Amino acid sequence: MTYSAAAAEQNAIEFVRVSKTFYAEQGRQHRVLNDVSWGIPKGKTTVIAGGSGQGKSVTLKLILGLLKPDSGQILVDGQDVARMGQSQLRQLRTKFGVLFQGAALFDSLTVFENIALPLRERTKLKEAEIRQKVMATLETLELAGHEEKFPAQLSGGMKKRVGLARALQLEPEIVLFDEPTTGLDPLMTLEIYRLFERMQKQLGYTAVIVSHDIPKVFELADRIVLINKGEADVFAEASQIINSDKPHIREFAEKTMGI
């Protein structure tokens, strides 16, 4: 796939002919991406889906520069992540917020302290300004009154909210979600998805969601990237997956979408 200049301007992130292979014992290879290209549009929600071990979380690590591709380019606002040094990567990562699979909260810190942490570490805001900003976020995410609790006192859904609150503190341009509903029951999952949708529309950031929670997560998607055996197929909506004429995509739809 070749991207035009117009398409590049519309994408927050671009994969351009990216390949990534891991090597196991006895020289065995596991190629998770094989010369793939796709774009992640600015201000929209892109869902990356696929079976276990197909490279979904690897894709997030490539975007953040935690892994480097074997070949190809990964462009964030036109800059090639794969060619950046550590200082450039640190600067680039200020554009990102990340919600990890388990929320990754610090057990010894209160809800308030967990959310305030990135502000204290990466800004020069005064304590009164930090408190004002954190309390406003708590109100927005319906966490007001829980600021002095510790993570062990929270439900799974509340932990996800706190994780999202922390990820949004530096007003990121791009938010990455790694299996964000793992461990939640169906009702709480639906509530969290509604929260994600509301916050994305309210703040306008680019959202990238890696999830196995199919087909429910597709309801959030403006774009779907399906990764399978090194290939990547891009869809504008879930119905296109169902109607695909590719055998492996049809198989995926049958197993995960009840087709």
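Bear in mind these aren't lab numbers, they're just calculated from the coordinates by the rules spelled out. Since we're looking at a predicted model, the values are computed, not measured. Cβ sites come from the backbone with ideal geometry, for glycine too, and all protein chains shown count toward neighbours.
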What's the Cα-based Rg to Rh of the range 50-105, Rh via Kirkwood? 0.99
Separation of alpha-carbon centers, the range 204-232 and the range 102-135, rounded to whole Å: 29 Å
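Can you tell me the relative contact order of the range 152-233? Whole percent, Cα pairs under 8 Å, sequence separation 6 or more. Present the calculation step by step, with values, prior to reporting the outcome.
Numbers: 56 pairs, mean separation 25.1, N = 82.
Relative CO of the range 152-233 lands at 31 percent.
Contact order normalised by length for the range 211-259, with contacts defined as Cα pairs under 8 Å and 6 or more residues apart; what percent is it?
Details: 41 pairs, mean separation 13.7, N = 49.
The value is 28 percent.
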In the neighborhood of Q86, defined by Cβ-to-Cβ distances under 13 Å, what is the net charge if each Lys or Arg adds +1 and each Asp or Glu adds -1? +4
Candidates D185, D77, D233: whichever shows maximal mean-square fluctuation once the chain is modelled as a Gaussian network with Cα springs under 10 Å: D185
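Tell me whether the range 88-128 comes out rounded, prolate or oblate; compute the Cα gyration tensor, take square roots of the eigenvalues as a ≥ b ≥ c, and use a/c under 1.5 as the rounded threshold. Could the numbers behind the result be given before it?
Working: a/c = 2.84, a/b = 1.13, b/c = 2.52.
Judged from the Cα gyration tensor, the range 88-128 comes out oblate (a/c at least 1.5, b/c at or above a/b).
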Taking 7 Å along the Cα-to-C-beta vector as the label spot, tell me the K42-H212 distance in nanometres, rounded to one decimal. 3.6 nm
Per the Kirkwood definition applied to all pairs of different Cα atoms, how many angstroms is the hydrodynamic radius of the chain? 19.3 Å
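Between T94 and D245, what FRET efficiency follows from the Cβ-Cβ distance if R0 is 30 Å, with the result rounded to 0.05?
Values: r = 43 Å, r/R0 = 1.43.
After rounding to 0.05, the efficiency reads 0.10.
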Hydropathy first: keep DSSP H helices in the chain averaging at least -0.5 on Kyte-Doolittle, then drop any whose Cα extent along the axis falls short of 15 Å, and list what survives. 111-122, 127-140, 156-168, 186-203
P(r) for the range 1-134: what percent of alpha-carbon pairs falls in each 5 Å bin, starting at zero? 2, 8, 15, 17, 17, 15, 11, 8, 5, 2, 0, 0
At 7 Å along the Cα-to-beta-carbon direction for both E25 and R122, put a label point, then send me their distance in nm to one decimal. 3.9 nm
Expected vector for the range 46-52, Karplus 3J(HN,Hα) from phi with 6.51, -1.76, 1.60 and θ = phi - 60°, integer Hz, x for Gly and Pro, equals 10, 9, 9, 10, x, x, 4
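Using only Cα atoms, what Kirkwood radius does the range 60-180 have, in angstroms? Mind showing how you got there, number by number?
On the way: mean 1/r = 0.0648 Å⁻¹.
Hydrodynamic radius (Kirkwood, Cα only) of the range 60-180 equals 15.4 Å.
Over the range 1-126, what relative contact order in percent results from Cα pairs under 8 Å that are six or more residues apart? Each step should come with its number before you reach the end.
Numbers: 141 pairs, mean separation 28.6, N = 126.
Normalised by residue count, the contact order of the range 1-126 is 23 percent.
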